[in-house]
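Have a look at the structure below, then the notes.
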Amino acid sequence: MNDRKTNIYIQGIGSYVPPKSVSNQDLSKKVDTSDEWIFSHTGIKNRHIASAEDSTSDLAVNAVNSLLEKCGLDKKAVGGIIVATATGDYPGFPSTACVIQDKLALDGIMAFDVAAGCTGFIYALNIAESLMAGSSLDNVLVIGAEKLSAVTDWSDRNTCVLFGDGAGVALLSRRDDDYSCFVDSVLHARGSGFDKLMIPSGGTKDKHGEARNLYMDGRAVYTFAVRVVKDVIIELLERNNLTLDQIDWIVPHQANMRIIQAAAKRLGIDESKFFMNIGQYANTSAASIPIALNEMIENNLLERGMTIITVGFGAGLTYGGNVIRW
């Protein structure tokens with residue numbers, strides 16, 4: 001268990017998805033698939049797709065502006081930006097966080113990317129909380145942003161139905177009392193499976209790169225995901241002397257309804273304990289958990305005082321989770 005006491009909490013959550021929605025029926029006109037097959041195998045009905053002109057950083061900036069408006073915070077109070085993304089604007093430097101920093105006109109503050117695939121937001125939350133606990137930083141933006149449509153092979157019916165675009169952001173701030181919402185985190189990786197889920201090269205701004213499309217060994221990733229979702233939840237509960245009855249919500253990475261159902265079965269709990277919104281957004285990788293948290297808040301499903309577990313898995317192969325006392 002993490003015994004460090006800090007006064008850092010999540011002040012607010014924001015998100016943004018592109019206005020264009022692509023349904024399963026729309027995809028069935030382009031590849032050999034159907035709404036029934038996609039939904040029964042994944043739980044997905046729709047996904048949001050960014051325009052060719054919009055980059056990952058554009059999606060992130062829209063999410064940040066929405067959050068700052070809701071929180072009533074002047075952007076100049078932001079002391080750091082951490083971005084979890086697998087589909088940054090460029091294949092290397094500058095980092096997507098630095099591009100976002102430039103677009104927000106926040107020169108001089110800390111800004112960097114976290115490359116941990118779909119687990120990126122979980123990694124970034126833990127990194128941000130740890131940095132704030134050991135520094136004078138008061139407000140840090142933790143962003144999960146993806147333009148997966150730019151690395152999707154739209155002729156591959158096995159993968160093109162799975163992904164969508166979007167961005168979510170959490171504002172980590174410091175409180176005047178000794179309350180902290182961060183109870184514990186576990187971060188893991190299994191590098192021996194790196195080639196089961198990967199983007200071989202390029203970035204979303206790279207128009208000439210080769211082998212830019214995402215590759216996934218679906219069966220291997222499914223087997224891995226079901227196991228680690230269960231293992232991470234059990235590990236977090238045991239480390240913190242908690243029971244599942246003490247957890248109000250489990251907020252998983254939104255990859256596939258079947259993965260969540262299988263994990264719930266192995267845990268011996270009803271799948272309703274897991275919040276799922278994959279039906280309308282598909283898999284948005286590092287953006288999926290903050291988008292889910294924002295939707296929960298907007299629908300009055302997440303209230304101060306609740307205890308939640310976030311759990312994710314993705315390219316790397318990475319996996320992990322957080323216990324958060326909201």
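Computed values, structure above
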| quantity | calculated |
| --- | --- |
| CD proxy at 222 nm, helix term only [per DSSP H run n ≥ 4: -39500 (n - 2.57); per residue of the chain; nearest 500] | -9000 deg cm²/dmol |
| Amide H contacts under 5 Å for Phe163, placed H, 5+ residues apart | Asn283 |
| Choice from Ala116, Ala145, Ala105 with maximal GNM fluctuation in the chain (Cα, 10 Å cutoff) | Ala105 |
| Length gained when the stretch Asp245-Leu301 is fully extended (0.36 nm per residue, less Cα-Cα span) | 18.5 nm |
| Sequence-distant aspartates and glutamates (8 or more away, or on other chains) whose Cα lies within less than 20 Å of Lys30 | Asp153, Asp156, Asp165 |
| Entry for Rg/Rh (Cα atoms, Kirkwood Rh) (calculated from the structure that is shown) out of (1) 0.94; (2) 1.05; (3) 0.99 | (1) |
| Residue with peak Gaussian network fluctuation, the chain [Cα springs, cutoff 10 Å], from Leu293, Leu236, Leu131 | Leu131 |
| Average Cα contact separation per residue, the chain, under 8 Å, 6 or more apart, as relative contact order % | 26 |
| Inter-probe distance in nm under a simple model that places probes 7 Å from Cα toward Cβ, at Ala115 and Asn65 | 2.9 |
| Reachable aspartates and glutamates, given that their alpha-carbon falls under 14 Å from the alpha-carbon of Lys103 and they are not under 8 places away in the same chain | Asp54, Asp58, Asp89 |
| Share, in percent, of DSSP beta bridges within the chain that are antiparallel, nearest 5 | 70 |
| Principal axis dimensions, largest first and in whole angstrom, of region 45-176 by Cα | 52, 31, 25 |
| Rounded to whole Hz, the Karplus (6.51, -1.76, 1.60) HN-Hα couplings of region 173-179, x for glycine and proline | 9, 9, 9, 7, 9, 9, 6 |
| Cβ-derived FRET efficiency at R0 22 Å, His41 paired with Arg266, nearest 0.05 | 0.70 |
| Between region 252-326 and region 7-50, the Cα center-to-center distance that results, in Å | 15 |
| Most mobile listed residue (Ala287, Ala115, Ala52) in the chain, GNM with C-alpha springs under 10 Å | Ala52 |
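Bear in mind these aren't lab numbers, they're just calculated from the coordinates by the rules spelled out. All values reported here derive from a predicted model rather than from experimental measurement. Heads up, the Cβs are rebuilt from the backbone with ideal geometry, glycines too, and the neighbour counts pull from every protein chain shown.
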